[in-house]
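A.B. asks: Here's a structure for you.
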Amino acid sequence: MTENGSAANGYAHEDVERNGGNSPPPYDGTLTKETEVEEKPQETEEFDPWTVTDLVDKTKPWAELTTSERVQRVLWGYIFRQLLLLGLLYMFICSLDFLSSAFRLLGGKAAGKVFSDSKIFNNPIAGLMIGVLATVLVQSSSTSTSIVVSMVGSNLLSVRIAIPIIMGANIGTSVTNTIVSIGQSGEKNQFRRAFGGATVHDMFNWLCVIFLLPLELASGYLFRLSDAIIKSFHIQTYEEGNVKLLKAITEPFTKFIIKVDTKVITKIALNQTDPDTSLIKTECKKDGINGTVPCKFLFMNVAGKWDDWVIGLVLLLIALFVLCTCLVLIVKILNSIFKGHIAVLLKRFVNADFPGKCGKYGTGYLAILLGALLTILVQSSSIFTSALTPLVGIGVITIERMYPLTLGSNIGTTFTAILASLTQEGDKLSDAMQISMCHLFFNISGIILWYPIPFMRKIPIYLAKQLGNTTAKYRWFAALYLLLAFFALPAFVFGLSVAGWQVLAGIGTPLLVIIIIIVIINILQKKKPEWLPGRLRNWEFLPLCCHSFKPLDRIITKVFRKCKCCSKCSSNDSIESSSDDSTDQHEMYRVKPDV
């Protein structure tokens, strides 16, 4: 008898014993959980939504094209499409500038008023959250940092107190690329990758603050290190520190639309002007003319008639429309360009590692250096990471490669701040340089903490992927995340810290302990479920609303069902979800081959 026949008789004998000596019921061909048998187990490749494998080039070979088709391919594929992509990238960057101006008009005065009460900053937690909120409101870490430098130079703040605010500004500046990722919400897996690629920046910044802020409060290492460097060098004012590279190209167009005077926000923070002063610049300097002349830009005619918040709201709608339109068209063009052999070569070049263990280890550090250099070139970490987000969405750049590029952008953005601080004069110069150095060494410390060790490196990437998976399943979660991470949570913690240390400790400590316990239980549920009591091996004993977004999803779906576009997306999501559920059920019944 063959080996397979013996095995079959053995299984039959075991079935007879399990049925009390009775013969097993005849097999009707239906696969059940109890009958997990396949004659020839086949290995199936799991679909990884984070990796794009569809690289088939469906275009006609050049030799098969007619003359007219060749002319069309040259004109459209090699010339016009490239020019269109450059034009869309230009408008995309300009729309980010408009978005920043709109937020300044909407929340700049509020940010200035918050900064004007310098007594609040004696609480480092309050300073941290103000840094987050102010940077989100003005959409620029450079603006919020310059306000802090001015307050330090005016002796309203000390450098030691200003350090938590700089940490908060580091978090707030990452909101822009998270907003940009929402533009790819039309396709499920593109949105998953884009949102994960954008939020890996958020996760890194939040994790750095969680670990490094207590360390700074306990030891003051950032203050001591930056102070030692400033005292060891004789730093002089460099009037040409504000070097314009990319802005020299975009400013002619953005200044033609609107001009916002960010110095007014600083003056409001220093109590040097009326809090109701308009942020719109109406008087401009002109070469060869003493004094000022009326500014000329598109919104000038309504500058004195409309309030700042009205103009900001109109500009916000225009900026979002231009941003989303450019993003959709850029993604479509990139999808048409990066396919076939081009996609294979580009993905290999961008995501490849150098040969050998040392080479593989050093590739990430080269990506950090590249991210820093490119950010210095464009003079904005928001622009750099926002430009990379669509490439992560379409799968050209993996989230594992996006991570070191993002870390490099954090270093590059401090270089611009250092150059800007060199333009300060007198007593402000050393304080501005010290704050810039604190910002630089804070980001370097974060990289040392969260990149060299492979285990630590995976934590921000894992958290970002979890957010991406959640957003792919519930697309409204992206808006909820933005509201919670950049508005509600900072505002809530700021309110507790303003109420006093007793209130912050009394409410914050129990919440923090609960969060830590939940995180530990979640880890044990996945890694070591046998260590937990049977009831804690899953969260099914809790109400559904406590461990699932499904009840909230049903409510939101009902609210938006009247909208045809939303209902169409909802129906598509339902089909995808049901497909995923059926795949999961199939996995439950599949027999995995023994290894």
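The values are calculated or read from the model by the stated rules, or taken from the named source; none is laboratory data. A quick note: this is a predicted structure, and the numbers were derived from the prediction, not measured. Here the Cβ is made from the backbone with ideal geometry for all residues, glycine too, and neighbour counts use every protein chain on show. Each accessible area value is taken on the protein alone, full model and side chains, heavy atoms only, with ligands, DNA and RNA left out. Shrake-Rupley method; radii C 1.70, N 1.55, O 1.52, S 1.80 Å.
A.B. asks: Using modelled amide H (1.01 Å from N, peptide plane; none on Pro or chain starts), what sits under 5 Å from the amide H of V260, excluding residues fewer than 5 places away?
C.D. replies: Result for V260 returns K281.
A.B. asks: For the pairs K473/K527; K458/K528; K473/K550; K113/K285, flag any whose C-alpha to C-alpha distance is greater than 21 Å.
C.D. replies: K473/K527; K113/K285
A.B. asks: Using a Debye calculation, one point per C-alpha and no hydration shell, please list log10 I(q)/I(0) for segment 430-480 at q = 0.18, 0.24, 0.29 Å⁻¹ in order.
C.D. replies: Result of the Debye calculation: -0.72, -0.82, -0.96.
A.B. asks: Additional query: Taking Cα centroids, how far is segment 136-214 from segment 253-272 in Å?
C.D. replies: Between the Cα centre of segment 136-214 and that of segment 253-272, the gap is 21 Å.
A.B. asks: Starting from the Cα of F233, move 7 Å in the Cα-to-Cβ direction to define the label point; list residues of segment 439-459 whose amide nitrogen is under 18 Å from there.
C.D. replies: 439-445
A.B. asks: For a quick check: with amide H placed at 1.01 Å from N, whose amide H comes under 5 Å from C284's, ignoring anything fewer than 5 positions away on the same chain?
C.D. replies: Amide H neighbours of C284, under 5 Å, 5+ apart: V293, C295.
A.B. asks: Now for a separate question. When you have a sec, figure out the Kirkwood radius of segment 367-496 from all distinct Cα pair distances and drop it here in Å to one decimal? Walk me through the numbers before you get to the answer.
C.D. replies: Numbers: mean 1/r = 0.0600 Å⁻¹.
Value: 16.7 Å, from the Cα pair sum.
A.B. asks: Order of 367-373, 302-308 by packing, highest average Cβ count within 10 Å first?
C.D. replies: Peptide ranking by packing, descending: 367-373, 302-308.
A.B. asks: With all protein chains present, calculate the accessible area of F103 using a 1.4 Å probe and round the result to the nearest 10 Å².
C.D. replies: 40
A.B. asks: According to a simple spin-label model (label point 7 Å from Cα along Cα-to-Cβ), what is the distance in nm between L544 and I448?
C.D. replies: If labels sit at I448 and L544, their model points lie 5.1 nm apart.
A.B. asks: Right, next: Report the gain in length on full extension from W76 to K286: 0.36 nm times residue separation, minus Cα-Cα distance, nm rounded to one decimal.
C.D. replies: Once the chain is fully extended between W76 and K286, it gains 71.3 nm.
A.B. asks: Another question about this same structure. In whole Hz, with x marking every Gly and Pro, tabulate ³J(HN,Hα) for segment 393-405 from phi via Karplus 6.51 cos²θ - 1.76 cosθ + 1.60, θ = phi - 60°.
C.D. replies: Whole-Hz 3J(HN,Hα) from phi for segment 393-405: x, 7, x, 6, 10, 7, 5, 5, 7, 4, 4, x, 5.
A.B. asks: Sort 523-533, 171-181, 458-468, 549-559 for me by packing, meaning the mean count of neighbouring Cβ atoms within 10 Å per residue, highest on top.
C.D. replies: 171-181, 458-468, 549-559, 523-533
A.B. asks: Using the Kirkwood radius over Cα pairs, work out the Stokes-Einstein diffusion coefficient for segment 83-168 at 25 °C and 0.890 mPa s, in µm²/s as a whole number.
C.D. replies: The Stokes-Einstein estimate is 179 µm²/s.
A.B. asks: Next up: For labels at K119 and T51 in the simple 7 Å Cα→Cβ model, what's the distance in nm?
C.D. replies: Modelled inter-label distance: 6.0 nm.
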